Each structure stands twice: as structure tokens, then as C-alpha cells.
Amino acid sequence: MRTIDWAGDGIDLIDQTLLPGRLDVRHVTDVDTLIADIRRLAVRGAPALGVAGALGVALACRTEPSPDAVRAAAARLRSARPTAVNLAWGVDRALGRLGDGPEAVLAEALAIRDADIAACRAMGERGADLVADLAGRVPVSVMTICNTGGLAAVERGTALGVVQTLHERGHLTEAFPLETRPLLQGARLTCWELDAMGAPHRLLVDSAGPFLLQRGLADAVLAGADRIAANGDTANKVGTFSLALAARRAGVPFLIVAPESTVDQATPDGASIEIEDRGPAEVVGVLGHATAPEGTGALNPAFDVTPHDLITAIVTEARVWRPDEPAPGVR
């Protein structure tokens, strides 16, 4: 099943807020509903957001009365989540075909979808090869944070796509996903996907990850990315930086797996990345249940930034980029 796709007169997407309890596919037929779904994380993950952005422009071409109205809708869509560069990238690519008519815009969006599917498979193969090479053996155990599987893309995914490839090759001993507070994407989504693929796994409390790396639990850490700066600094789900620090201390390879579209040459470094704060509600409660006294304030950065010197390698569909090498700027 694809996480997001074009279907007739609109967009079909899996509502990820309902997993793992219920698998529900929403049919979205207007841009404002798509924007709302993006903001409430019904669809999420950098590659999936790129596809959502492109398909959203195709949808606007069918629902808005003029090219100017399409551009206005695209601008709202583009800014729905500021940290993930793929959303704006997908919108801009599809919008670039606006002058050629609605069918050309849709064709561009579907090309982005198809390229994402191919890219995820390529990242899985390249990443699995690299993990085995760095570990010096197979099978291996790996640790990961947030959700980077097919739910974060169209199919298979990025970092979890590497885990899936390792499992399919018979090279995975066990996967250790972190629960990923505050919205538990690791517990709710990654464990759901690992269970579906039949991969052995055990869930970890976020704060246990660094300690267990020091104890030798995993041979590698795999993470995705929502934006990679030109120098290799990487924004990903909050908690990633802590894992990178722990991996360096433990001597464990720390790998970022993301498509080339996530590399943003216009962002020079991590300090230039806008970090989305999602407000206190997600922190003072868990899935709608209060865990702190009423009125408690909170900081809730959705992402953090891992400096490039803590990253062993960045794996894309086109290359393995090591932080001590200049980025060739492949896009």
C-alpha cells in the first residue's frame, strides 16, 4: 500500500494519526484539507511531504478558478511545515509546469512520486551495503529514531528502508526503534512497519538509546532527515542530536539516509534552518491525555540539528557523502 497517491479527482493518503489502532485511507479533494492534514501529521515524513506538495498543486489546478488562485494555494501549502525542505521543493517543481496546463502539472507530480519510489529502493540497497561494510560483518543490529519507513515516503522509506533491505537479505539481527516523544512515531509507526515486514525488533525509551549504544547494543544508528544543509548539518526529529553524540562516544557509525531532494544548497549550515515549534499541547500530554498540571508551559521543537562532524556518512539515492569530503551538490 502506498502512503500517498493520486486517485481520480484527488489524493489518497494514509491517516497516520490513527495508527497503529486503525488503518484509514483519506480521500482529499481540496488544498485546504491537505494543508490541515499536513499540519496535524496525517501525512508526514520528508519524502512523503515532497509528493504531497506536488500533488497538492495538481489538486489546486482542478479546484481553483485561476492561475493566480493556484499560486496562492501553492504558497499556503508551501509554508504548512517550515523545516522540511521537501514540501517546498515538491510544490515548486509542480508549480513550474503551471503554464503548460493541469495535466502537465499532474504529470510532474506523478514523476516526483515515481522518482521517490525508485530513490527509496536505491537508498535501501546502498545503505545496507554501507552498514555491512562499516560493521565488518553481518548480520547486524541497528538503532533508529522517529519513522522513516514507507509511511514517511511513498513506499519502503529512507533509513527504515535500509533496515528492510538488511532484513530481506537475512542480514538483520534486530532493530531497536526509539519511541520518539512527544508523538511516539517510533512506537506507533515504526514498530507497526517492522511488525508488518516481520523484522525482529524491540522498542526503546528515547533516553535509553545513548546508554544502550555505550553498552554495544547496536552496530549502527540510522536516521532520516527533513533538511540537509550545504555543509552536511542535518535537521531531523528532535532526539537525533543526542543519538549522534552517543554514537560518537561509543564509536558506532551514525548514518543519515535521505533523498537528494532533502539536500538544500540554499541553506549554508544548520544554524540557518528554521526549527518548527509545535506548541505545548503535545508535551504536557500524551495522545490527548494530560500528564502535567493544567497551565504548564513547554518548549516543543519538532526537530534538532546534528552537526556534520558527528555524521559518519549521508546516504542518498545517488551517493554516499562523507562529512570530511566536499558536497558535490548533486540534486
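Things to note:
- Unique match (being assigned by TED's automatic domain parsing to the domain that holds ILE256, more than 20 Å from ARG2 (Cα to Cα) and not hydroxyl-bearing (Ser, Thr, Tyr)) among LEU166, LEU194: LEU166
- Residue satisfying condition, being surrounded by 18 or more Cβ atoms within 10 Å (Cβ to Cβ) and of a type in the set (Gly, Ala, Ser), within set ALA73, ALA69, ALA118: ALA73
- Exclusive hit being among the polar types (S, T, N, Q), touching an Asp or Glu at 6+ places or on another chain (Cβ under 9 Å) and not assigned by TED's automatic domain parsing to the domain that holds GLY157, set THR33, THR83: THR83
- Selection status of ASP264, over 20 Å from ALA208 (Cα atoms), outside the structural domain of ALA48 (by TED's automatic domain parsing) and surrounded by 19 or more Cβ atoms within 10 Å (Cβ to Cβ): yes
- Test: residue in segment 144-164 that is free of Cβ contacts under 8 Å to residues at least 60 places away in the same chain, in a helix (DSSP H, G or I) and more than 15 Å from the chain's Cα centre (by Cα): yes
- Of all the listed residues (ARG40, ARG113, ARG78, ARG71), the sole one being charged (D, E, K, R) and touching a residue at least 40 places away in the same chain (Cβ under 8 Å) is ARG113.
- No other residue among LEU106, LEU59 is closer than 15 Å to ALA36 by Cα, in contact (Cβ under 8 Å) with a residue 12 or more places away in the chain and hydrophobic (A, V, I, L, M, F, W, C) apart from LEU59.
- Members of segment 135-149 found to be closer than 21 Å to GLU317 by Cα and touching a Ser or Thr at 6+ places or on another chain (Cβ under 6 Å), listed by number: ILE145, CYS146, ASN147, THR148
- Scanning segment 166-207 for residues that are of a type in the set (Gly, Ala, Ser) and without any contact (Cβ under 8 Å) to a residue 12 or more places away in the chain, we see that the one that is nearest to GLU282 (Cα to Cα) is SER207.
- Filter pass, LEU213 being touching a strand residue (DSSP E or B) at 6+ places or on another chain (Cβ under 8 Å), touching a residue at least 60 places away in the same chain (Cβ under 8 Å) and not in a loop (DSSP other than H, G, I, E, B): yes
- In segment 94-115, residue farthest from ALA74 (Cα to Cα) [restricted to those that are among the small types (Gly, Ala, Ser) and surrounded by fewer than 17 Cβ atoms within 10 Å (Cβ to Cβ)]: ALA111
This table checks each residue for (1) buried (at least 17 other Cβ atoms within 10 Å of the Cβ); (2) within 28 Å of ASP304 (Cβ to Cβ).
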| residue | (1), (2) |
| --- | --- |
| MET1 | no, no |
| VAL43 | yes, yes |
| GLY56 | yes, yes |
| SER79 | no, yes |
| VAL85 | yes, yes |
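- Test set (1) at pLDDT below 95; (2) of a type in the set (S, T, N, Q); (3) surrounded by fewer than 20 Cβ atoms within 10 Å (Cβ to Cβ) - SER242 fails condition number: (1)
For (1) over 22 Å from PRO177 (Cβ atoms); (2) outside the structural domain of VAL205 (by TED's automatic domain parsing); (3) charged (D, E, K, R); (4) part of a helix (DSSP H, G or I), each residue gets a yes or a no:
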{"residue": "LEU217", "(1), (2), (3), (4)": "no, no, no, no"}
{"residue": "GLY232", "(1), (2), (3), (4)": "yes, no, no, no"}
{"residue": "ALA235", "(1), (2), (3), (4)": "no, no, no, no"}
{"residue": "PHE241", "(1), (2), (3), (4)": "no, no, no, yes"}
{"residue": "ALA244", "(1), (2), (3), (4)": "no, no, no, yes"}
{"residue": "ALA247", "(1), (2), (3), (4)": "no, no, no, yes"}
{"residue": "PRO268", "(1), (2), (3), (4)": "yes, no, no, no"}
{"residue": "ILE275", "(1), (2), (3), (4)": "yes, no, no, no"}
{"residue": "ALA281", "(1), (2), (3), (4)": "yes, no, no, no"}
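- Which numbered condition PHE211 fails, given (1) aromatic (Phe, Trp, Tyr); (2) surrounded by 15 or more Cβ atoms within 10 Å (Cβ to Cβ); (3) more than 25 Å from ALA48 (Cβ to Cβ): (2)
- Spans of helices (runs of 4 or more DSSP H) in segment 1-113 with at least 2 residues within 15 Å of the chain's Cα centre (by Cα): 31-39, 46-63, 85-95
The values are calculated or read from the model by the stated rules, or taken from the named source; none is laboratory data. All values reported here derive from a predicted model rather than from experimental measurement. Here Cβ is always computed from backbone atoms with ideal geometry, including for glycine, and neighbour counts include all displayed protein chains.
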